[in-house]
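The values are calculated or read from the model by the stated rules, or taken from the named source; none is laboratory data. Please read these numbers as outputs of a predicted model, since none were measured by experiment. All Cβ positions, even for glycine, are placed from backbone atoms using ideal geometry, and neighbour counts span all protein chains on display. Accessible surface areas use protein heavy atoms only, side chains included; no ligands, DNA or RNA. Shrake-Rupley method; radii C 1.70, N 1.55, O 1.52, S 1.80 Å.
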Amino acid sequence: MPRDATLLWALRSPCAFACPHCYFGTIEEHKQAPPAEVGVLSHLSRDDLPPTVLKEFARSLAGSVIERVVIAGGEPLDWPPTLEVIELAKAAGCEVVIATNGIALTRPPVLDRLLELGVDGVSVSLDSADAQTNDQLRPSRSGRFGYADVLAGIRALLKVRGERHTPRVGIYTVVVRERPQEITDMARLGEELGVDYYVPQPISLTPDHQLFEKLTHRPADVAAVAERLERLYGEPSRLALPDPSYARRFVAAISTQDSGRVGGCFGGARLFFVQPDGQVWDCPSDRRIAATAPERRRTIRDADARNLFAERPACTDCSLFSRDCVNMWPLMDIPLLLKPGDVR
Ligand SMILES: C[S@@+](CC[C@H](N)C(=O)[O-])C[C@H]1O[C@@H](n2cnc3c(N)ncnc32)[C@H](O)[C@@H]1O
(Lines give C-alpha, C1' and ligand atoms only; values in the text may rest on other atoms or scores of the structure.)
Protein backbone atom coordinates (compact mmCIF):
# COMPACT_ATOMS: atom_id res chain seq x y z
CA MET A 1 0.00 0.00 0.00
CA PRO A 2 1.46 3.41 -0.86
CA ARG A 3 2.14 5.62 2.13
CA ASP A 4 0.60 8.77 0.76
CA ALA A 5 -2.18 9.96 3.07
CA THR A 6 -2.42 12.99 5.35
CA LEU A 7 -4.22 12.82 8.69
CA LEU A 8 -5.57 16.04 10.13
CA TRP A 9 -5.79 15.11 13.80
CA ALA A 10 -7.65 17.54 16.07
CA LEU A 11 -6.16 16.08 19.22
CA ARG A 12 -7.65 18.19 22.00
CA SER A 13 -10.60 20.57 22.25
CA PRO A 14 -9.54 23.30 24.73
CA CYS A 15 -7.81 26.47 23.56
CA ALA A 16 -6.70 29.61 25.39
CA PHE A 17 -8.09 31.65 22.51
CA ALA A 18 -11.74 32.43 21.92
CA CYS A 19 -11.83 33.27 18.21
CA PRO A 20 -15.51 33.93 17.53
CA HIS A 21 -15.28 32.41 14.03
CA CYS A 22 -13.56 29.20 15.16
CA TYR A 23 -14.61 25.87 13.65
CA PHE A 24 -14.94 24.72 17.29
CA GLY A 25 -17.62 27.34 18.11
CA THR A 26 -17.47 29.30 21.36
CA ILE A 27 -17.58 27.99 24.92
CA GLU A 28 -20.29 30.50 25.80
CA GLU A 29 -22.75 29.22 23.18
CA HIS A 30 -21.95 25.58 23.96
CA LYS A 31 -22.35 26.04 27.72
CA GLN A 32 -25.90 27.12 27.05
CA ALA A 33 -26.60 24.46 24.44
CA PRO A 34 -23.99 21.70 24.06
CA PRO A 35 -23.87 20.60 20.41
CA ALA A 36 -25.63 17.30 19.83
CA GLU A 37 -25.16 16.85 16.07
CA VAL A 38 -22.65 14.36 14.75
CA GLY A 39 -19.28 15.87 13.87
CA VAL A 40 -19.90 19.28 15.49
CA LEU A 41 -16.75 20.41 17.27
CA SER A 42 -16.63 22.17 20.63
CA HIS A 43 -13.92 23.64 22.89
CA LEU A 44 -15.68 21.90 25.78
CA SER A 45 -13.61 18.75 26.18
CA ARG A 46 -16.29 16.49 27.63
CA ASP A 47 -15.66 13.65 25.18
CA ASP A 48 -11.95 14.08 24.41
CA LEU A 49 -10.15 10.74 24.37
CA PRO A 50 -7.64 10.00 27.16
CA PRO A 51 -3.89 9.98 26.42
CA THR A 52 -3.64 6.17 26.60
CA VAL A 53 -6.08 5.76 23.70
CA LEU A 54 -4.44 8.51 21.64
CA LYS A 55 -0.99 7.03 22.18
CA GLU A 56 -2.10 3.51 21.28
CA PHE A 57 -3.50 4.80 18.02
CA ALA A 58 -0.35 6.86 17.30
CA ARG A 59 1.73 3.67 17.70
CA SER A 60 -0.40 1.94 15.08
CA LEU A 61 0.47 4.57 12.45
CA ALA A 62 3.64 2.57 11.71
CA GLY A 63 3.03 0.59 8.55
CA SER A 64 -0.23 2.41 7.78
CA VAL A 65 -0.95 4.58 4.72
CA ILE A 66 -0.56 7.74 6.85
CA GLU A 67 2.54 9.54 5.66
CA ARG A 68 1.93 12.84 7.42
CA VAL A 69 0.07 13.91 10.57
CA VAL A 70 -1.07 17.48 11.09
CA ILE A 71 -1.75 17.87 14.80
CA ALA A 72 -4.27 20.58 15.56
CA GLY A 73 -7.21 21.12 17.88
CA GLY A 74 -8.18 23.13 19.96
CA GLU A 75 -4.65 23.95 21.01
CA PRO A 76 -2.33 20.95 20.92
CA LEU A 77 0.74 22.49 22.57
CA ASP A 78 -0.94 23.45 25.87
CA TRP A 79 -1.39 19.77 26.75
CA PRO A 80 1.76 17.79 27.73
CA PRO A 81 0.57 14.40 26.34
CA THR A 82 0.63 15.97 22.84
CA LEU A 83 4.42 15.77 22.98
CA GLU A 84 4.18 12.02 23.65
CA VAL A 85 1.78 11.58 20.73
CA ILE A 86 4.21 13.50 18.50
CA GLU A 87 7.06 11.27 19.64
CA LEU A 88 5.08 8.13 18.77
CA ALA A 89 3.97 9.50 15.39
CA LYS A 90 7.58 10.32 14.54
CA ALA A 91 8.71 6.88 15.72
CA ALA A 92 5.99 5.45 13.44
CA GLY A 93 7.77 7.13 10.52
CA CYS A 94 5.30 9.97 9.95
CA GLU A 95 6.12 13.54 9.08
CA VAL A 96 4.57 15.72 11.81
CA VAL A 97 3.28 19.28 11.45
CA ILE A 98 1.78 21.17 14.40
CA ALA A 99 -0.94 23.81 14.01
CA THR A 100 -0.72 26.15 17.00
CA ASN A 101 -1.89 29.49 18.30
CA GLY A 102 1.80 30.12 19.03
CA ILE A 103 1.64 30.92 22.75
CA ALA A 104 3.36 27.70 23.87
CA LEU A 105 6.33 28.66 21.66
CA THR A 106 7.24 31.28 24.27
CA ARG A 107 8.00 28.40 26.72
CA PRO A 108 11.61 27.19 26.27
CA PRO A 109 10.96 23.56 27.42
CA VAL A 110 8.27 23.16 24.74
CA LEU A 111 10.60 24.55 22.07
CA ASP A 112 13.45 22.29 23.11
CA ARG A 113 11.20 19.24 22.98
CA LEU A 114 9.79 20.12 19.52
CA LEU A 115 13.35 20.29 18.23
CA GLU A 116 14.42 17.09 19.97
CA LEU A 117 11.45 15.25 18.54
CA GLY A 118 12.30 16.37 15.01
CA VAL A 119 8.93 17.99 14.33
CA ASP A 120 8.85 18.83 10.62
CA GLY A 121 6.63 21.91 10.57
CA VAL A 122 5.04 24.41 12.93
CA SER A 123 2.14 26.43 11.51
CA VAL A 124 1.29 29.45 13.63
CA SER A 125 -2.06 31.24 13.31
CA LEU A 126 -2.10 35.00 13.02
CA ASP A 127 -4.99 36.79 11.31
CA SER A 128 -3.69 40.33 10.95
CA ALA A 129 -0.34 42.07 10.59
CA ASP A 130 -1.86 44.81 12.75
CA ALA A 131 -1.69 43.92 16.45
CA GLN A 132 -5.01 45.43 17.48
CA THR A 133 -6.92 43.93 14.56
CA ASN A 134 -5.41 40.51 15.17
CA ASP A 135 -6.35 40.62 18.84
CA GLN A 136 -9.93 41.50 17.92
CA LEU A 137 -10.13 38.62 15.45
CA ARG A 138 -8.24 36.23 17.74
CA PRO A 139 -8.92 37.31 21.35
CA SER A 140 -7.46 35.18 24.13
CA ARG A 141 -9.92 33.90 26.69
CA SER A 142 -8.11 35.56 29.61
CA GLY A 143 -7.18 38.71 27.71
CA ARG A 144 -3.57 38.05 28.74
CA PHE A 145 -2.18 36.77 25.43
CA GLY A 146 -2.15 38.14 21.95
CA TYR A 147 -0.21 39.32 18.93
CA ALA A 148 2.98 40.28 20.83
CA ASP A 149 3.21 36.84 22.44
CA VAL A 150 2.63 35.06 19.11
CA LEU A 151 5.41 37.08 17.48
CA ALA A 152 7.67 36.38 20.47
CA GLY A 153 6.90 32.65 20.09
CA ILE A 154 7.73 32.63 16.37
CA ARG A 155 10.98 34.52 16.99
CA ALA A 156 11.94 32.15 19.83
CA LEU A 157 11.34 29.09 17.64
CA LEU A 158 13.37 30.52 14.77
CA LYS A 159 16.15 31.38 17.20
CA VAL A 160 16.45 27.89 18.74
CA ARG A 161 16.24 26.34 15.29
CA GLY A 162 19.28 28.40 14.30
CA GLU A 163 20.94 27.12 11.15
CA ARG A 164 18.94 23.87 11.08
CA HIS A 165 16.34 23.28 8.37
CA THR A 166 13.66 21.84 10.64
CA PRO A 167 11.15 22.53 11.86
CA ARG A 168 9.97 24.69 8.98
CA VAL A 169 7.94 27.54 10.42
CA GLY A 170 4.87 29.03 8.79
CA ILE A 171 2.00 31.45 9.28
CA TYR A 172 -1.66 30.64 8.61
CA THR A 173 -4.02 33.59 8.17
CA VAL A 174 -7.80 33.51 7.99
CA VAL A 175 -8.83 36.15 5.46
CA VAL A 176 -12.12 37.94 6.18
CA ARG A 177 -14.11 40.11 3.77
CA GLU A 178 -13.18 43.42 5.38
CA ARG A 179 -9.42 42.80 5.19
CA PRO A 180 -8.12 41.57 1.81
CA GLN A 181 -4.94 43.55 2.48
CA GLU A 182 -3.88 40.94 5.05
CA ILE A 183 -3.04 38.60 2.17
CA THR A 184 0.01 40.68 1.27
CA ASP A 185 0.57 42.49 4.60
CA MET A 186 0.98 39.19 6.40
CA ALA A 187 3.39 37.92 3.75
CA ARG A 188 5.52 41.00 4.39
CA LEU A 189 5.42 40.40 8.15
CA GLY A 190 6.27 36.74 7.63
CA GLU A 191 9.32 37.71 5.59
CA GLU A 192 10.43 40.22 8.21
CA LEU A 193 10.14 37.57 10.89
CA GLY A 194 12.03 35.06 8.71
CA VAL A 195 9.36 32.34 8.54
CA ASP A 196 9.48 29.76 5.76
CA TYR A 197 5.91 29.39 4.51
CA TYR A 198 2.62 31.21 4.44
CA VAL A 199 -0.97 30.15 3.85
CA PRO A 200 -3.81 32.67 3.62
CA GLN A 201 -7.17 30.90 3.92
CA PRO A 202 -10.69 32.23 3.26
CA ILE A 203 -12.99 32.32 6.24
CA SER A 204 -15.51 29.51 6.17
CA LEU A 205 -18.73 29.99 8.11
CA THR A 206 -22.14 28.39 7.74
CA PRO A 207 -24.86 30.85 6.63
CA ASP A 208 -26.52 30.61 10.05
CA HIS A 209 -23.36 31.73 11.89
CA GLN A 210 -23.84 35.10 13.58
CA LEU A 211 -20.69 36.48 11.90
CA PHE A 212 -21.54 35.19 8.41
CA GLU A 213 -22.79 38.56 7.11
CA LYS A 214 -19.91 40.51 8.64
CA LEU A 215 -16.97 38.25 7.74
CA THR A 216 -17.87 36.07 4.75
CA HIS A 217 -16.84 37.25 1.28
CA ARG A 218 -19.54 38.44 -1.11
CA PRO A 219 -19.27 38.76 -4.90
CA ALA A 220 -18.27 42.43 -4.55
CA ASP A 221 -15.22 41.43 -2.47
CA VAL A 222 -13.76 39.03 -5.02
CA ALA A 223 -11.79 41.53 -7.14
CA ALA A 224 -9.81 42.91 -4.18
CA VAL A 225 -8.94 39.40 -2.98
CA ALA A 226 -7.92 38.30 -6.49
CA GLU A 227 -5.68 41.35 -6.85
CA ARG A 228 -3.93 40.66 -3.53
CA LEU A 229 -3.44 36.98 -4.38
CA GLU A 230 -1.98 37.96 -7.74
CA ARG A 231 0.48 40.24 -5.98
CA LEU A 232 1.31 37.56 -3.41
CA TYR A 233 2.11 35.00 -6.08
CA GLY A 234 3.65 37.50 -8.50
CA GLU A 235 6.17 39.29 -6.29
CA PRO A 236 9.56 37.70 -5.51
CA SER A 237 9.64 36.27 -2.02
CA ARG A 238 11.46 33.75 0.16
CA LEU A 239 8.16 32.41 1.45
CA ALA A 240 6.89 29.06 0.25
CA LEU A 241 3.21 29.15 -0.70
CA PRO A 242 0.66 26.50 -1.67
CA ASP A 243 0.70 25.55 -5.35
CA PRO A 244 -0.36 28.49 -7.59
CA SER A 245 -3.59 26.63 -8.44
CA TYR A 246 -4.62 27.37 -4.85
CA ALA A 247 -5.01 31.08 -5.69
CA ARG A 248 -7.54 30.14 -8.39
CA ARG A 249 -9.39 27.84 -6.00
CA PHE A 250 -9.46 30.59 -3.35
CA VAL A 251 -11.05 33.04 -5.80
CA ALA A 252 -13.47 30.42 -7.14
CA ALA A 253 -14.53 29.44 -3.62
CA ILE A 254 -15.42 32.98 -2.58
CA SER A 255 -17.08 33.70 -5.94
CA THR A 256 -19.73 31.03 -5.67
CA GLN A 257 -22.47 30.50 -3.19
CA ASP A 258 -21.58 27.11 -1.89
CA SER A 259 -22.36 24.54 -4.49
CA GLY A 260 -20.40 22.52 -6.94
CA ARG A 261 -18.51 19.38 -7.54
CA VAL A 262 -14.89 18.46 -6.92
CA GLY A 263 -13.70 15.91 -9.44
CA GLY A 264 -11.12 13.45 -8.11
CA CYS A 265 -11.28 14.73 -4.54
CA PHE A 266 -8.65 13.38 -2.14
CA GLY A 267 -10.99 13.36 0.91
CA GLY A 268 -11.24 9.78 2.14
CA ALA A 269 -8.47 8.72 -0.25
CA ARG A 270 -5.40 10.74 0.70
CA LEU A 271 -6.91 12.90 3.47
CA PHE A 272 -8.62 11.85 6.70
CA PHE A 273 -9.79 13.78 9.74
CA VAL A 274 -9.93 12.69 13.37
CA GLN A 275 -11.73 14.85 15.95
CA PRO A 276 -10.89 14.96 19.68
CA ASP A 277 -13.51 12.36 20.64
CA GLY A 278 -11.89 9.96 18.19
CA GLN A 279 -14.46 10.04 15.39
CA VAL A 280 -12.88 9.54 11.98
CA TRP A 281 -14.10 11.29 8.85
CA ASP A 282 -13.11 11.13 5.20
CA CYS A 283 -12.73 14.88 5.15
CA PRO A 284 -13.02 17.73 7.68
CA SER A 285 -15.60 19.56 5.54
CA ASP A 286 -18.88 20.03 7.41
CA ARG A 287 -21.02 18.91 4.47
CA ARG A 288 -19.05 15.75 3.91
CA ILE A 289 -19.25 14.89 7.62
CA ALA A 290 -23.00 15.48 7.65
CA ALA A 291 -23.41 13.23 4.60
CA THR A 292 -21.43 10.31 6.05
CA ALA A 293 -23.49 7.11 6.01
CA PRO A 294 -24.01 5.59 9.50
CA GLU A 295 -22.11 2.43 8.49
CA ARG A 296 -19.12 4.56 7.50
CA ARG A 297 -18.90 6.17 10.99
CA ARG A 298 -15.69 5.08 12.67
CA THR A 299 -13.51 5.85 15.68
CA ILE A 300 -9.83 5.53 16.54
CA ARG A 301 -10.77 4.07 19.93
CA ASP A 302 -9.41 0.51 19.99
CA ALA A 303 -8.64 0.85 16.27
CA ASP A 304 -5.47 0.17 14.34
CA ALA A 305 -4.50 2.76 11.71
CA ARG A 306 -3.26 -0.04 9.45
CA ASN A 307 -6.79 -1.41 9.15
CA LEU A 308 -8.76 1.80 9.60
CA PHE A 309 -7.37 3.46 6.47
CA ALA A 310 -6.65 0.34 4.43
CA GLU A 311 -9.78 0.40 2.29
CA ARG A 312 -9.96 3.63 0.39
CA PRO A 313 -11.02 4.69 -3.07
CA ALA A 314 -8.44 6.09 -5.47
CA CYS A 315 -10.33 9.38 -5.23
CA THR A 316 -13.96 10.46 -5.13
CA ASP A 317 -16.00 12.80 -7.31
CA CYS A 318 -17.51 14.86 -4.52
CA SER A 319 -20.62 16.92 -5.07
CA LEU A 320 -20.49 18.48 -1.60
CA PHE A 321 -18.24 21.44 -2.39
CA SER A 322 -18.35 24.33 0.06
CA ARG A 323 -16.02 27.18 1.00
CA ASP A 324 -14.71 24.84 3.65
CA CYS A 325 -13.14 22.71 0.94
CA VAL A 326 -10.60 25.21 -0.31
CA ASN A 327 -8.82 25.04 3.06
CA MET A 328 -8.02 21.36 2.44
CA TRP A 329 -5.72 21.95 -0.55
CA PRO A 330 -2.89 23.47 1.51
CA LEU A 331 -2.92 20.25 3.56
CA MET A 332 -2.14 18.37 0.35
CA ASP A 333 0.53 20.95 -0.53
CA ILE A 334 2.50 20.50 2.72
CA PRO A 335 5.47 18.98 0.87
CA LEU A 336 5.75 22.26 -1.07
CA LEU A 337 5.44 24.32 2.11
CA LEU A 338 8.11 22.36 4.00
CA LYS A 339 10.62 22.27 1.15
CA PRO A 340 13.79 24.19 1.96
CA GLY A 341 14.00 26.93 -0.64
CA ASP A 342 15.41 30.31 -1.57
CA VAL A 343 13.69 33.03 -3.51
CA ARG A 344 10.66 31.92 -5.55
C1 LIG B 1 -8.95 25.50 14.71
S2 LIG B 1 -7.27 26.06 14.73
C3 LIG B 1 -6.51 24.82 15.76
C4 LIG B 1 -5.03 24.96 15.94
C5 LIG B 1 -4.52 26.08 16.83
N6 LIG B 1 -5.20 26.24 18.06
C7 LIG B 1 -4.46 27.39 16.07
O8 LIG B 1 -4.86 28.42 16.61
O9 LIG B 1 -3.92 27.37 14.95
C10 LIG B 1 -6.66 25.63 13.10
C11 LIG B 1 -6.78 26.72 12.05
O12 LIG B 1 -8.13 26.85 11.67
C13 LIG B 1 -8.39 28.22 11.43
N14 LIG B 1 -9.84 28.45 11.50
C15 LIG B 1 -10.62 28.35 12.58
N16 LIG B 1 -11.90 28.62 12.28
C17 LIG B 1 -11.93 28.90 10.95
C18 LIG B 1 -12.97 29.26 10.03
N19 LIG B 1 -14.23 29.40 10.42
N20 LIG B 1 -12.63 29.45 8.74
C21 LIG B 1 -11.35 29.32 8.32
N22 LIG B 1 -10.34 28.98 9.13
C23 LIG B 1 -10.61 28.78 10.44
C24 LIG B 1 -7.60 28.88 12.56
O25 LIG B 1 -7.40 30.25 12.35
C26 LIG B 1 -6.32 28.09 12.51
O27 LIG B 1 -5.43 28.63 11.57
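Numerical summary
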| item | result |
| --- | --- |
| Carbon/sulfur fraction of accessible area - the chain, other protein chains in place, 1.4 Å, % | 52 |
| Share, in percent, of DSSP beta bridges within the chain that are antiparallel, nearest 5 | 20 |
| Convex hull volume per residue in cubic angstrom - Cα atoms of segment 70-141 | 93 |
| Spacing of the two label points (7 Å from each Cα toward its C-beta) at A131 and L211, in nm | 2.1 |
| Ellipticity estimate at 222 nm from DSSP helix runs (n ≥ 4, -39,500 (n - 2.57)) divided over the chain, nearest 500 | -9500 deg cm²/dmol |
| For S319, solvent-accessible area (1.4 Å; no DNA, RNA or ligand), Å² | 80 |
| Loop trypsin sites (Lys or Arg not before Pro), segment 1-94, which have at most 14 other Cβ atoms in a 10 Å radius of their Cβ (DSSP) | R3, R46 |
| Inter-label distance, nm, simple model (7 Å from Cα along the C-beta direction), E227/Q32 | 4.0 |
| Net length gained if the chain between D302 and S142 were fully extended (0.36 nm per residue, minus Cα distance) | 54.0 nm |
| Lysine pairs within the chain, Cα separation less than 30 Å, 8 or more sequence positions apart or different chains | 7 |
| Alpha-carbon Rg/Rh ratio, for segment 119-178, with Rh computed the Kirkwood way | 1.02 |
| Difference of contour (0.36 nm per residue) and Cα-Cα distance, A314 to R107 | 70.3 nm |
| Amide hydrogen neighbours beyond the local backbone of F17, cut-off 5 Å, H modeled | R141 |
| Note, ³J(HN,Hα) from phi for segment 105-113, Karplus 6.51, -1.76, 1.60, rounded to Hz, x at Gly and Pro | 6, 7, 9, x, x, 5, 4, 4, 5 |
| Sites E191 and E295 - FRET efficiency at Förster radius 56 Å, r taken between beta-carbons, to 0.05 | 0.70 |
| Principal axis dimensions, largest first and in whole angstrom, of segment 259-344 by Cα | 48, 33, 25 |
| In Å, descending, principal axis extents of the Cα set of the chain | 47, 46, 43 |
| Cysteines in the chain lacking a second Cys C-beta under 4.7 Å | C15, C94, C283, C315, C325 |
| Of the GluC sites (Glu not before Pro) in segment 57-112, those whose Cβ has at most 16 other Cβ within 10 Å and which sit in DSSP loop | none |
| Size of segment 171-225 as Cα extents on the principal axes (Å, biggest first) | 39, 21, 12 |
